[in-house]
Amino acid sequence: GRTEHLFQLDVAGKLGDVVQTLHQLYRASCLDKMGDQAAMITAILQSRLARTSFDKNRFQSISETLHMECKAEMVTPLVTNPGHVCVTDANLYFQPLNGYPKPVVQITLQNVRRIYKRRHGLMPLYDLGWNSKPQKFLMFSFILENHITEHTAESYMLQWQRGHISNYEYLLHLNNLADRSCNDLSQYPVFPWIIADYSSSVLDLTKPETFRDLSKPIGALNKERLDRLLARYQEMPEPKFMYGSHYSSPGYVLFYLVRVAPEYMLCLQNGKFDHADRTFNSIAETWKNCLDGATDFKELIPEFYENDSSFLVNSLKLDLGKRQGGKMVEDVELPPWASGPDDFLQKSQEALESQYVSEHLHEWIDIIFGYKQKGNEAVAAHNVFHPLTYEGGVDLNSIMDPNEKVALLTQILEFGQTPKQLFTVPHPRRIIPKLKSLSRTSSHSVSIAESPVSKPMKSPISLLVLNRAITGIAVTCNGSSVFTASQDSTLKMFSKESKTIQRSVSFSNMALSSCLILPGDTTVISSSWDNHIYFYSIAFGRQQDILMGHDDAVSKICWHDGRLYSASWDSTVKVWHCVPGETLSNKKHHFELLAELEHDVSVNTIDLNAANTILASGTKEGTISVWDVTTATTIFKHALLLLFLLFAFLFCTDSRHLLSTGEDCCFKVIDVQTGMLISSVTTDEPQRCFKWDGNTILSGSQSGELLIWDLLGGKVTERIKGHTGAVTSMWMNEQCNSVITGGEDKQIMFWKLQY
């Protein structure tokens, strides 16, 4: 029927302008095609913007200096507000064209905490966060002429791996880097369903079955449903997709937030709430529908892991309708194990930070932000959505038809968007520390000074004196015998139990540089400055073989699966296939040179990653090269130390990072794939050798001290008096509770970690 509405203006004398604008907008709404409507409204808007400029009388101080002024849009959920931005030396001002929410929004630049570069409707914009109570964020679409320094996904990944930021914090950082913002419902931050048990009276976070399988997208959790979707996918013409809806969209976000943001739901759904039975009624029902529903594949939002439970309570007393059976929609029904909304959030937070999730979260990251998001890996992971949901899925600027462009943009904004891809290789898992006594204390535990494990190595159990500086330490698998190489050219064998020398063998008159024991504890290999590599039979107590493989001193050797890797001052690393000799019949080893890795200068040290597929080599000038040993090709070369001697480096357990130390008094962490320097920690003096578990470093210094380091904190947490000269060699067992050190003071020391 016919309805009349009466409006009263707050500002006198504007009646003519308002009526004229209403007539223009009405004419636009009467056009048949959406593209024509959008074009006319844009023309009206641009005309009004061109006739106005920022009112400089709004400046806080007459002494402010103007730096830039431009047209801009303030982006809030479901509403894009046009106007003018003005940046001075003290403030950022936004003057909305319509004077709403107030004539001028002012942000003091000194209070700006962060600026995120984002995209909205496939266009770039900037998200500003500033200090206030509560902290506020606004998104502005305009061109920022200054460069913006951004944290990388790699830097946050390293912090998360080492346990310096929580799972929740890491997911927030990834969402920020992937253009997700709470101001943009089409790109709202996405968080995973974690808990799969919504029926038990007690939530047991020690049972794996309590948790959702994080290696699969929601749509692949139910095999029967997945089989139906895959059958449809196989029959579908290009472009194919497995899921007809997304895991994050404005509708899904407001499904969860309808009780605290009803105005957005009403705006999205033409003034009506959704049907009562489709409303967010129950946690268990919602999870069941995500598992079984034909078109429901939604994940969660960050509010499920925060402290404000208001979105679970109908405190506004909204009339959300009556369900089948006559029950009114009120508060969200919680699982039996939650005593109330706050308790539900508390237990959800505990689940997110649990050990199970810490060990498996990287699998979910691979799907949402990582290498399983696109391409063949996405197909294999059953993770393929409509092409329009992906960044770069369509070039709107290439579409000339305004109706088609509006339709596509509307679909993109309403259907949901896949986050920007942050990782193109498998994401490493979180490191669960082995060195529990060396790992940093958690936020709620006692301080370092009070910790019973803060001094894990008070003094050596015992020590043995040799003739020259120790260059290498190797221990048999059963731990009974210890072998050392030293600059006095001898290989010595000690009893670990009695701490006495049992054998001493001299291979030449030149120093030995390193030693290792082959699997089976039958043979010790030692490298020498005389260009040779010596094989010593433990069982028969004699030199078994000699490999004359280099033209200068051999500096370091590694072994894996019948292959010997030798580094030399002759500027090469050589890879040998070694067939052991039959010692009983006195046959020699057979050596076949498989690869020769050329360098520009002497090679000081090498290390193999855990998978034994990547080798890193370091030169006397401080250059690190990373090689693919399966193809004998260089992955990258990185001048890490700028002509400083490199002492040692080791791969992290995840094989993604290298930690190095040298004469420049720095620990440096570099990315194996890119060669990027991720972090650097300055030391008071050179650290000659070290061991690390990914979280904590145990190093031996030039002065002879043993130091325990918090790597990301960049500080020493413990100093232990050790050798009287530089610590030149270090061995640690796999359990990280037994350490042997050797030094220039001709001593080896046995240490036991005290828990």
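The values are calculated or read from the model by the stated rules, or taken from the named source; none is laboratory data. Because the structure is predicted, anything quoted here is derived from the model rather than measured. Neighbour counts run over all protein chains shown; Cβ positions are idealised from the backbone, glycine included. Heavy atoms of the whole protein, side chains included, go into the accessibility calculation; ligands, DNA and RNA do not. Shrake-Rupley method; radii C 1.70, N 1.55, O 1.52, S 1.80 Å.
Residues that are among the small types (Gly, Ala, Ser) and either under 13 Å from the mean Cα position of the chain (by Cα) or not assigned by the TED database to the domain that holds Ala220 (or both) within segment 330-371 comprise Ser358, Gly370, listed in sequence order. Filter segment 481-503 for residues that are closer than 20 Å to Met730 by Cβ and in a loop (DSSP other than H, G, I, E, B); which is least open to solvent (accessible area, probe 1.4 Å)? Restricting to residues being closer than 20 Å to Met730 by Cβ and in a loop (DSSP other than H, G, I, E, B), the top hit is Asp488.
Between a residue in segment 501-516 that is in contact (Cβ under 8 Å) with a residue 24 or more places away in the chain and any residue that is basic (Lys, Arg), which pairs come within a Cβ distance under 7 Å, given they are 6 or more apart or on different chains? Hits for this filter: Ile501/Lys492; Arg503/Lys492; Ser513/Lys556; Ser514/Lys556. Counting the residues of segment 367-384 that are open to solvent by 10 Å² or more (accessible area, probe 1.4 Å) and either touching a residue at least 40 places away in the same chain (Cβ under 8 Å) or in contact with a helix residue (DSSP H, G or I) (Cβ under 7 Å, 6 or more places away or on another chain) (or both) gives 6. Restricting segment 702-717 to residues that are touching a Ser or Thr at 6+ places or on another chain (Cβ under 6 Å) and of a type outside the set (A, V, I, L, M), the residue that is least open to solvent (accessible area, probe 1.4 Å) is Gly704.
Does Gly219 meet the test of being in a helix (DSSP H, G or I), small (Gly, Ala, Ser), at pLDDT 95 or above and out of contact with any helix residue (DSSP H, G or I) (no Cβ under 6 Å at 6 or more places or on another chain)?
Details: in a helix (DSSP H, G or I): yes; small (Gly, Ala, Ser): yes; at pLDDT 95 or above: yes; out of contact with any helix residue (DSSP H, G or I) (no Cβ under 6 Å at 6 or more places or on another chain): yes.
When the stated conditions are applied, Gly219 passes them.
Only residues that are at pLDDT 85 or above and part of a strand (DSSP E or B) were counted in segment 739-755, giving 10. Looking across segment 54-109, just one residue is open to solvent by 70 Å² or more (accessible area, probe 1.4 Å), assigned to a loop (DSSP other than H, G, I, E, B) and touching a His at 6+ places or on another chain (Cβ under 9 Å), and that is Asp89. Does Thr21 qualify as being at pLDDT 85 or above, under 21 Å from Lys405 (Cβ atoms) and either of a type in the set (Ser, Thr, Tyr) or in a helix (DSSP H, G or I) (or both)? No; evaluated as a whole, the condition is false for this residue.
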